[in-house]
Every structure is written in C-alpha cells, then in structure tokens.
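The values are calculated or read from the model by the stated rules, or taken from the named source; none is laboratory data. Note that the coordinates shown come from a computational prediction; the quantities given were computed from them, not determined experimentally. Don't worry about glycine lacking a Cβ; one is built from the backbone with ideal geometry, like all the others, and counts go over all protein chains shown.
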Amino acid sequence: MYLLRLALQSLNNRRITALLTVLVIALSVTLLLSVERVRSEARASFASTISGTDLIVGARSGSVQLLLYSVFRIGNATNNIRWDSYNNISTLPQVKWAIPISLGDSHRGFRVMGTDQSYFTHFRFGRDKPLSFAQGKPFADLYDAVIGADIARELGYQVGTELVLAHGAGAVSFVEHADKPFRVSGILAKTGTPVDRTIHVSLQGIEALHVDWQQGMPARGAGHVSAEQARELDLTPTAITAMLLGLNRRIDTFAVQRQVNQFSGEPLLAIMPGVALQELWSLLSVAEKALLLVSACVVLTGLVGMLSAILGSLNERRREMAILRSVGAKPWHIFSLLVLEAMALAAAGILLGLGLLYIGLGLARPILEQEYGLFMPFAWPSPAELKLLATILLASLLLACIPAWRAYRLALVDGLSIKT
C-alpha cells in the first residue's frame with residue numbers, strides 16, 4: 001500500500017506530464033470505445049432492418065442481390081415474378097401473410113415501391129416495431145403516395161404535396177410520368193431503415209403509370225391513356241419484383257423455402273432475411289475491422305506516449321531511485337513503483353475516457369438517432385468493451401516493465417554519481 005502512495009506522490013510531483021499522459025490515454029480510449037459502440041449498434045441496426053419476415057421471395061439470382069433490391073432498394077432484379085405465381089405462393093397453407101413489392105420507378109433519386117395495404121399492417125423493423133405515421137394516412141386513392149421521413153425532411157414535402165414520378169431508378173431521368181402526378185397522403189415516422197428513403201404507392205398506381213407504355217416508352221396520340229381514363233381500366237398487376245412472407249409457424253420456414261425454390265411455374269428463390277443479412281454484413285466487415293484496428297493503433301500510440309514519458313524521466317530520477325535504495329528499498333520495490341505509476345496513469349486514462357464517452361453519448365445520441373437511426377443507450381460497458389479495457393491495462397502493464405526493468409538495473413553508486 002505504501003508503494004501505491006509513493007507512486008501517486010511521485011506522479012503528483014510531475015503532475016503536468018502525468019495529466020497530459022492521462023489525457024492522451026483518455027482520448028484514445030474514448031475513440032476506441034466510441035468505435036466499438038457504434039460498430040455494435042450499427043450491426044444491431046443493420047440486422048434489424050427487417051424484422052418478423054420469415055422469407056423473401058424473388059426471381060432466382062443470388063441471396064445478397066435479392067436482399068439488396070428488396071430491402072435496401074439497391075440495384076435491380078434480374079427478372080420479375082408473375083402475378084399468378086404470387087397468388088399461388090401467398091395462398092399456401094403455411095403462409096400467414098404476404099406483401100407484394102414492385103420496384104422500377106423513382107423520384108429525384110428516391111426509389112418508388114408499389115405494394116398494398118398489408119405492407120403497413122405486417123412490415124416490421126428493429127425489434128418487431130410496426131410502421132407508424134407521423135402525418136396523414138396510408139394511400140387510399142389510385143394516385144396517393146406515402147413517403148419516408150428522410151424524403152419529407154430533405155425535399156420539404158408535406159401531406160397534400162404533388163409529386164411526379166420518373167421512369168427508372170437513377171437520380172436523373174429523362175422520362176417522367178408527368179401526365180399522372182401523385183399526391184402525398186401520409187408521411188411515415190422515422191425508422192432508421194431504407195423505408196425512410198422510399199416512396200410507397202399502390203400496385204394499381206404502378207400499373208396506371210405504365211398502362212399505355214410500349215417498349216419502354218409512353219404512347220403518343222391516340223394510344224395515350226390519361227390519369228382519369230386509367231381509373232376505369234383493369235389495373236391488376238401482371239408481375240411484381242418480390243414478395244415478403246410471414247408464416248404461421250417458424251418451423252415451416254425450411255419447408256416453404258424448399259417449395260419456392262422448386263416452384264414449377266418459374267425459377268424463384270426464397271431466402272431467410274437473417275441469414276442473408278449476416279452474409280451481407282460479412283462482406284462489409286472488412287471496413288468495420290479496419291476502423292477498429294485504427295482505433296486500437298491510436299490507443300497503442302497513447303500507451304507508447306506514456307512509456308516515453310516514464311523512460312524520459314528515468315535519468316532525472318536516478319538520484320531518487322538511489323536514495324530509495326539507500327534507505328532500504330529492494331530492487332523489486334523500484335520495479336513495482338514504476339509499474340504502479342504506469343498502471344495508475346492507464347487506470348486514470350480509462351476512467352476519464354469512460355467519462356468523456358458518456359458525455360459524448362449525451363450530446364450525440366439525439367443526432368445519431370435522428371439522422372442515422374442508431375440508438376446509443378447509456379449502458380454499462382458491454383463484455384466486449386470490458387475486454388478492450390482489460391487489454392489496455394494489460395498492455396500498459398507490459399509496457400511499464402520496460403522502464404521498470406531499466407530502473408531495477410540501476411546501481412546505487414550509479415544513482416549517487418550521475419555523470420554530466
């Protein structure tokens with residue numbers, strides 16, 4: 001115990017250097033824990049982009065590609081699903097509900113998705129959270145549109161705003177459906193998922209946009225169908241892009257997946273969202289690990305700074321060590337003293353780093369939740385974070401052995417006769 005008091009008094013005599021060392025370690029610890037917490041929450045948020053959906057069905061391709069265009073609105077399908085195939089699969093006895101999805105159009109770079117009312121009833125995200133409306137209501141008219149929270153914020157749209165959809169998924173389109181404008185009927189609450197950047201319309205609305213199109217271009221003259229004329233037509237879809245399935249029993253997932261993959265009507269693929277999300281995350285984990293590695297290097301830099309400070313002070317402290325030896329201190333006392341100093345600096349840096357982390361969370365949490373959908377709770381350090389902190393303490397202990405061993409080797413005569 002007396003060695004610890006002696007170590008703290010020694011640090012107090014060099015308080016400026018000690019405080020700077022603690023600050024460097026604290027900042028590096030804060031960065032490391034921030035990256036780890038954002039990384040874990042980003043993974044949880046990524047995995048909960050879609051919840052409660054047992055299977056996603058689309059044209060036969062790759063599982064990641066199907067997940068990307070059906071859930072994340074990235075890329076395009078290799079083929080569509082015939083409407084009769086959708087009806088056959090959605091009426092299977094194991095299927096509780098089915099959500100059709102039709103993609104292909106956009107508005108100022110935001111994807112347009114055709115669906116039906118079951119989407120607002122059954123779609124879940126996060127930890128089984130349902131969709132809710134910040135304003136307005138689901139689409140009821142043929143030309144109603146429900147927009148995500150990010151679209152409303154970035155474009156300044158409100159309920160009743162008129163918007164014109166464009167053909168294709170690019171940010172810029174030279175072919176617009178200007179003859180059939182839509183009206184915003186509702187704005188969804190923030191979800192932190194691709195839903196926030198999606199415009200939702202009815203499947204019949206998607207059909208109405210393309211009812212007079214031929215070979216990828218709108219008809220002219222007598223072949224043109226106006227917005228009001230389209231209301232009188234049969235707008236039953238002929239094809240959709242994908243479908244989300246919820247089953248009566250989770251145990252039936254593999255059986256239904258096999259049925260879909262062996263469907264005789266056309267080549268289809270059924271994937272489990274959780275498995276596909278893990279596969280996709282594994283592809284993105286390289287950047288995640290690289291970021292964590294950079295943070296670890298910053299922490300190591302802070303510990304090396306501590307090592308340099310202690311090593312740099314050894315020459316100045318030779319006489320101090322010699323006096324301690326002259327009053328009966330053993331060599332292992334000198335060794336332990338320097339180790340305790342280093343551990344005290346590291347422990348103080350970790351505690352200060354934790355304090356800075358929680359202060360930063362308090363300031364940044366509303367922004368992260370609002371802008372990126374990341375919920376950062378005020379929780380005790382997780383087991384993974386505790387392992388990182390224990391690793392920092394262990395690293396500081398190992399690094400402290402270098403100056404401690406050097407001090408251990410100092411002889412009494414060498415300390416009392418310092419050469420200038």
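Considering only region 241-251, state which residues are out of contact with any Pro (no Cβ under 9 Å at 6 or more places or on another chain) and either crowded, with 18+ Cβ neighbours inside 10 Å or not in a loop (DSSP other than H, G, I, E, B) (or both).
Keep residues of region 241-251 that are out of contact with any Pro (no Cβ under 9 Å at 6 or more places or on another chain), which gives 245-247, 249-251.
Selection gives LEU245, GLY246, LEU247, ARG250, ILE251.
Based on this model, can you work out whether LEU66 counts as assigned by TED's automatic domain parsing to the domain that holds LEU357 and under 25 Å from GLY192 (Cα atoms)?
On the way: assigned by TED's automatic domain parsing to the domain that holds LEU357: no; under 25 Å from GLY192 (Cα atoms): yes.
Judged against the criteria, LEU66 is not a match.
With respect to SER102, determine if the residue is within 14 Å of THR198 (Cα to Cα), buried (at least 18 other Cβ atoms within 10 Å of the Cβ) and touching a Pro at 6+ places or on another chain (Cβ under 7 Å).
Working: within 14 Å of THR198 (Cα to Cα): yes; buried (at least 18 other Cβ atoms within 10 Å of the Cβ): yes; touching a Pro at 6+ places or on another chain (Cβ under 7 Å): yes.
Against the criterion (within 14 Å of THR198 (Cα to Cα), buried (at least 18 other Cβ atoms within 10 Å of the Cβ) and touching a Pro at 6+ places or on another chain (Cβ under 7 Å)), SER102 qualifies.
Here is a list: ASP234, ASP252, ASP150. Which entry is modelled with pLDDT under 95, touching a helix residue (DSSP H, G or I) at 6+ places or on another chain (Cβ under 6 Å) and among the acidic types (Asp, Glu)?
Details: ASP234 fails: touching a helix residue (DSSP H, G or I) at 6+ places or on another chain (Cβ under 6 Å); ASP252 fails: touching a helix residue (DSSP H, G or I) at 6+ places or on another chain (Cβ under 6 Å).
Going through ASP234, ASP252, ASP150 in turn, just one is modelled with pLDDT under 95, touching a helix residue (DSSP H, G or I) at 6+ places or on another chain (Cβ under 6 Å) and among the acidic types (Asp, Glu): ASP150.
Is one or more of the residues making up region 35-51 modelled with pLDDT of 85 or more and farther than 30 Å from LEU363 by Cβ?
Initial filter on region 35-51 (modelled with pLDDT of 85 or more): 50-51.
If we keep only those that are farther than 30 Å from LEU363 by Cβ too, we end up with 50.
Among the residues of region 35-51, at least one is modelled with pLDDT of 85 or more and farther than 30 Å from LEU363 by Cβ, which makes the answer yes.
Could you grab me the full set of residues in region 277-293 that are touching a residue at least 60 places away in the same chain (Cβ under 8 Å) and over 17 Å from ILE74 (Cβ atoms)?
GLN278, GLU288, LEU291, LEU292
Is it the case that some residue within region 71-93 is over 25 Å from ALA166 (Cβ atoms) and touching a His at 6+ places or on another chain (Cβ under 7 Å)?
Within region 71-93 (the criterion being over 25 Å from ALA166 (Cβ atoms) and touching a His at 6+ places or on another chain (Cβ under 7 Å)), the answer is no, since none of the residues qualifies.
Would you say ALA189 is assigned by TED's automatic domain parsing to the domain that holds ILE101 and farther than 25 Å from ILE50 by Cβ? Give the steps one after another, and end with the answer.
Values: assigned by TED's automatic domain parsing to the domain that holds ILE101: yes; farther than 25 Å from ILE50 by Cβ: no.
Criteria not met by ALA189.
Going through region 46-58 one residue at a time, which ones are surrounded by fewer than 19 Cβ atoms within 10 Å (Cβ to Cβ) and outside any loop (DSSP other than H, G, I, E, B)?
Within region 46-58, PHE46, ALA47, SER51 meet the criteria.
If you take the residues of region 83-99 that are among the aliphatic types (A, V, I, L, M) and surrounded by 18 or more Cβ atoms within 10 Å (Cβ to Cβ), which of them is nearest to LEU68 (Cα to Cα)? Show your work before the answer.
So in region 83-99, the residues among the aliphatic types (A, V, I, L, M) come out as 89, 92, 95, 98-99.
Adding the requirement that they be surrounded by 18 or more Cβ atoms within 10 Å (Cβ to Cβ) leaves 89, 95, 98-99.
Values: ILE89: 22, VAL95: 23, ALA98: 19, ILE99: 17 Å.
So the residue we want is ILE99.
Within region 105-140, take every residue that is among the β-branched types (Val, Ile, Thr) and surrounded by 22 or more Cβ atoms within 10 Å (Cβ to Cβ) and give me the one that is nearest to GLY156 (Cα to Cα).
At the first step, the residues of region 105-140 found to be among the β-branched types (Val, Ile, Thr) are 112, 115, 121.
Narrowing the set further to residues that are surrounded by 22 or more Cβ atoms within 10 Å (Cβ to Cβ) leaves 112, 115.
Values: VAL112: 17, THR115: 24 Å.
Filtering first and then ranking leaves VAL112.
Is one or more of the residues making up region 259-272 of a type in the set (S, T, N, Q) and surrounded by 13 or more Cβ atoms within 10 Å (Cβ to Cβ)?
Filtering region 259-272 for residues of a type in the set (S, T, N, Q) gives 259, 261-262, 264.
Next cut, surrounded by 13 or more Cβ atoms within 10 Å (Cβ to Cβ) only: 259, 261.
Within region 259-272 (the criterion being of a type in the set (S, T, N, Q) and surrounded by 13 or more Cβ atoms within 10 Å (Cβ to Cβ)), the answer is yes, since at least one residue qualifies.
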